[in-house]
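Read the structure below first, then the notes.
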Amino acid sequence: MQIRRAVVGAFQENCYFFSDDQGETVVIDPGDEAELLLSVVEREQLTVRLIANTHSHADHILAIGPLMRATGCEFVMTAEEDAFLRANPPTSTAYLQVRELPPPPTRYVRDGDELVVGTIRLRVLFTPGHTPGGACYYAPEQGVVFTGDTLFQSSIGRTDFKGGNLEQLLRSIHEKLLTLPDETTILPGHGDPSTIGRERRFNPFLQGWRG
């Protein structure tokens, strides 16, 4: 297995290529710069089967359409609650060069579903709060969770956009992410990796929450 990261767009968003030994690949959050992302696919000889998005803010979705056309892959998300964001990006991202909005997902998945691509297995964790339809994707065999904008190193996702809910976000983090093993690597939508154990102990936004 191999995980590659490409940092794209004005907001320096992390797009991940999660590939098995045969090059079968899931792309997590192709946010922008489709030409760059497709150059990774070509250079590394990847076979992209699936795009799995954590949520629908504009900085995470702008390369979905081009990647689908170029690779013929599927596109999945967890809930229809984010559909309004794909159609109407928040005003704070209005200066992004939105050349095209993505098509609707090929299919929706739900909490606890398993996504299988080659020998990759990703468990869907429904984690609303940053957006109403937010999700994370957990690979238990590799000890990795793709957290999008739900959980960062020493921070958490914003909740001041339309549809955000701080209490819901904290509940999602505590019930779906902090229950994972401490050694689980967090791969967030922006910034550097961390671990569940580090965030449990040191993330200032998670201290003192009682639910």
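Here are the numbers for this structure:
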{"item": "Full-stretch length increase - TRP209, ASP21 - with 0.36 nm per residue and alpha-carbon distance subtracted", "result": "63.6 nm"}
{"item": "Relative contact order for the chain, counting Cα pairs under 8 Å that sit 6 or more residues apart, in percent", "result": "16 percent"}
{"item": "Two-site label geometry, LYS162 and GLU100: point separation in nm, points 7 Å out along Cα→Cβ", "result": "2.4 nm"}
{"item": "Ranked by how many other beta carbons lie within 10 Å on average, peptides 165-172, 58-65 from highest", "result": "58-65, 165-172"}
{"item": "Order of ASP160, ASP111, ASP192 - criterion: other Cβ atoms within 10 Å of each residue's Cβ, fewest first", "result": "ASP160, ASP192, ASP111"}
{"item": "Gyration tensor over alpha-carbon atoms, the range 2-206, equivalent ellipsoid semi-axes in Å", "result": "23, 20, 15"}
{"item": "Antiparallel content of DSSP bridges confined to the chain, in %, to 5", "result": "65 percent"}
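Each value in this text was obtained by applying a stated rule to the coordinates, not by laboratory testing. Remember, predicted model here, so these are calculated numbers, not experimental data. All Cβ positions, even for glycine, are placed from backbone atoms using ideal geometry, and neighbour counts span all protein chains on display.
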